[in-house]
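Student: First the structure, which I've put down as structure tokens, then a few questions once you've had a look.
The values are calculated or read from the model by the stated rules, or taken from the named source; none is laboratory data. This structure is a prediction, so every number in the text was calculated from the model and none was measured. Please note: Cβ atoms are built from the backbone with ideal geometry, for glycine as well, and neighbour counts cover all protein chains shown.
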Amino acid sequence: MTFKANIDTLKQYLSLCWFKTNPLNLPKSVSFFYQNLLFYYVVEYFLQTNMVDDPIESFFEVSLETSLTLLFIGTMLLFNKSLFAFIQVATAILFCENIVSIFGVPVLAWLTVSDSPLSYYVFALLALWDFALISFIFKRVLVINLTASAALSIFYFIATYGAAFALGQIL
């Protein structure tokens, strides 16, 4: 994929972060998926390593989290009989998570350094935006109502982040 094509794909996926695009109408690009997967993994690893100060534990937990994320997306699409859209949906979710994390990393640094109440409010807004984006994607892809997509989003966060943490503690 050329640089120009990559920028065009990025622009199309960026409109998703403003709730303007249906993920199923976005281009299917395996290379863009892998780029987002790598960025997601690196940022999550950086955040996790800063929280637990153990690079090996962070590696296992982020690997579990990433695997559970992809497994959740695949299972959800399999039950919906729309597994053909895995690359687009997985890319959409990873891309949105990456955009939120681009804003979230400096806020977490600010929160850690200053312990300012404003940093907690901004972090909460970013978490709410992330939740809204995932709900929006699920709503559009599965053609379900807002309540069902919000419930599925809560389950997604529990099944990926919570389960990765729990499994990381067991292992």
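Student: Check PHE33, PHE46 and return the single one that is modelled with pLDDT of 90 or more and either farther than 22 Å from ILE137 by Cβ or among the aromatic types (Phe, Trp, Tyr) (or both).
Tutor: PHE33
Student: If you don't mind, another one. Taking TRP129 as the residue in question, decide whether it is of a type in the set (Phe, Trp, Tyr) and closer than 20 Å to LEU16 by Cα.
Tutor: yes
Student: Separate question: In this structure, is LEU171 touching a residue at least 40 places away in the same chain (Cβ under 8 Å) and of a type in the set (A, V, I, L, M)?
Tutor: Yes: the conditions hold for LEU171.
Student: Continuing with the same structure: So how many residues does the range 12-31 have that are over 12 Å from VAL89 (Cα atoms) and hydrophobic (A, V, I, L, M, F, W, C)?
Tutor: 4
Student: So which residues in the range 1-23 are within 14 Å of PHE136 (Cβ to Cβ), in contact (Cβ under 8 Å) with a residue 24 or more places away in the chain and not aliphatic (A, V, I, L, M), if there are any at all?
Tutor: Correct list: TYR13, CYS17, PHE19, ASN22, PRO23.
Student: Does ILE154 fit the bill of being assigned to a helix (DSSP H, G or I) and either of a type in the set (S, T, N, Q) or surrounded by 15 or more Cβ atoms within 10 Å (Cβ to Cβ) (or both)?
Tutor: Criteria not met by ILE154.
Student: Within the range 64-87, is there a residue that is farther than 23 Å from PHE136 by Cβ and touching a Leu at 6+ places or on another chain (Cβ under 8 Å)?
Tutor: The answer is yes, given that some residue of the range 64-87 is farther than 23 Å from PHE136 by Cβ and touching a Leu at 6+ places or on another chain (Cβ under 8 Å).
Student: Hey, does the range 49-57 have a residue that's of a type outside the set (A, V, I, L, M, F, W, C), at negative phi, at pLDDT 90 or above and crowded, with 17+ Cβ neighbours inside 10 Å?
Tutor: Within the range 49-57 (the criterion being of a type outside the set (A, V, I, L, M, F, W, C), at negative phi, at pLDDT 90 or above and crowded, with 17+ Cβ neighbours inside 10 Å), the answer is no, since none of the residues qualifies.
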